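Structure, as structure tokens:
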Amino acid sequence: MTKSFAALSIVLLLSGCLAHMRATNIATNLNSQAVGQESPYRWYVVDLEGDKAALQQRLIGDVASSKAADSKKQAILSKLEELEAKNGRTTRLQLKEVRILPSSFLFGAVIDSVTSKVIETWVLDSGGKEVVYTIEHVPGTKDEAFKV
């Protein structure tokens with residue numbers, strides 16, 4: 001799944017002091033949908049002048065090194081290059097950053113801790129365009145299995 005890394009903003013032209021409250025309500029609903037879709041993006045409220053508010057979409061997770069072994073990183077990059085080629089984009093990908101995502105649900109956190117599954121968001125430069133892929137894998141295992 002790819003998505004532009006650039007922060008997406010929506011200005012809500014709501015009047016009066018209720019703008020922040022309405023924007024927060026909308027952000028809460030959108031974030032619930034994002035969790036259900038396992039999206040690495042969340043919506044945040046930004047207050048503007050004149051009793052207006054905006055919603056801004058940002059990547060979540062802490063920027064860190066990938067927990068994948070070097071051989072698995074190469075396998076992941078090869079798969080991503082293949083996906084980029086299918087989408088008509090360049091296959092010369094450059095990894096810009098990796099974000100380690102939190103588990104979406106309490107139940108998911110328990111399963112992830114037992115299985116040691118890690119979910120990472122890889123932000124890549126694909127010919128001048130930023131694309132984002134979410135990768136699931138189990139670090140330190142002998143198999144090179146991962147899910148994009």
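The values are calculated or read from the model by the stated rules, or taken from the named source; none is laboratory data. No experiment lies behind these values; they were computed from the predicted model shown. So basically every Cβ, Gly included, is an ideal-geometry build from the backbone, and we count neighbours across all protein chains shown. For accessibility, only protein heavy atoms count, side chains too; no ligands or nucleic acids. Shrake-Rupley method; radii C 1.70, N 1.55, O 1.52, S 1.80 Å.
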For Val46 paired with Glu82, estimate the spin-label separation in nm (one decimal), with each label point 7 Å from Cα along the Cα-to-Cβ line.
3.8 nm
Which FRET efficiency value, to the nearest 0.05, is calculated for Met21 and Asp62 with the Förster distance at 30 angstrom and r the Cβ-Cβ distance?
0.50
Residue-count net charge about Leu77 - beta-carbon cut-off 12 Å; Lys, Arg +1, Asp, Glu -1
0
Give me the 1.4 Å probe accessible area per residue for region 40-81, excluding ligands and nucleic acids, in Å².
53 Å²
Once all protein chains are kept in place, Asp51 shows an accessible area at probe 1.4 Å, nearest 10 Å², of 90 Å²
Determine the share of region 40-106's accessible area contributed by carbon and sulfur atoms, expressed in whole percent, with a 1.4 angstrom probe.
46 percent
Sorting Ile119, Ile135 by accessible area (1.4 Å probe), largest first, what list results?
Ile119, Ile135
Full extension between Val148 and Ser32 adds, at 0.36 nm per residue less the Cα distance, a length in nm of 39.6 nm
Which of the lysines could a cross-linker bridge to Lys117, judged by Cα under 30 Å and excluding same-chain residues fewer than eight apart?
Lys3, Lys67, Lys72, Lys73, Lys79, Lys86, Lys96, Lys129, Lys142, Lys147
